[in-house]
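Please read the structure below before turning to the comments.
Throughout, read-outs are computed from the coordinates displayed, never taken from laboratory work. Computed from a predicted structure; not experimentally measured. Positions of Cβ are backbone-derived with ideal geometry, glycine not excepted, and every protein chain shown enters the neighbour counts.
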Amino acid sequence: MKKKYIKSFIIVILIFSSFMHLNMKSHEVLSRKSISVVDEIKSPNNEYKSVIFLDGGSATVSNNIRVAVVKNSKKRIYDSDIVFLQSRVNYSRVKWDSNNELVISYYDRGSDSIIKQIDSSKGIHIIYKKIEEDF
């Protein structure tokens, strides 16, 4: 009788662990196959890095650019690390002006194309500049 309870407990733990693993994986930026890393730019003091992602889109999702700010030592990047997300584009410029100031230059496709635009993250001030020429 005791073996039956132990087996049941182990099965429940395995199911729970599988669920937690899949749930955590779904919040990673690279969890979709259409998303790839375009560039990683380290801050001048190498403490942080900005990571630029391109989502090639699909039948229902247009191309988009995502920029994340994370500790340089961090291996996984999650959706919560994204500071800028613009749809219907496949390019933006990112550069560090200082250890705590990041500049993101983007093409102006209208305000509806910017989905996420955060001004500060992890003590880093983010400046946004519109690129006027057409891509």
Would you pick out the residues in region 117-131 that are assigned to a strand (DSSP E or B) and touching a residue at least 40 places away in the same chain (Cβ under 8 Å)?
S121, I124, I126, Y128
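Listed here are the residues, each with its yes/no results for (1) of a type outside the set (S, T, Y); (2) without any contact (Cβ under 8 Å) to a residue 40 or more places away in the chain; (3) surrounded by 14 or more Cβ atoms within 10 Å (Cβ to Cβ); (4) not in a strand (DSSP E or B).
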| position | (1), (2), (3), (4) |
| --- | --- |
| I41 | yes, no, yes, no |
| P44 | yes, no, no, yes |
| V51 | yes, yes, yes, no |
| L54 | yes, yes, yes, no |
| V67 | yes, yes, yes, no |
| S73 | no, yes, no, yes |
| V83 | yes, no, yes, no |
| V89 | yes, no, yes, yes |
| W96 | yes, no, yes, no |
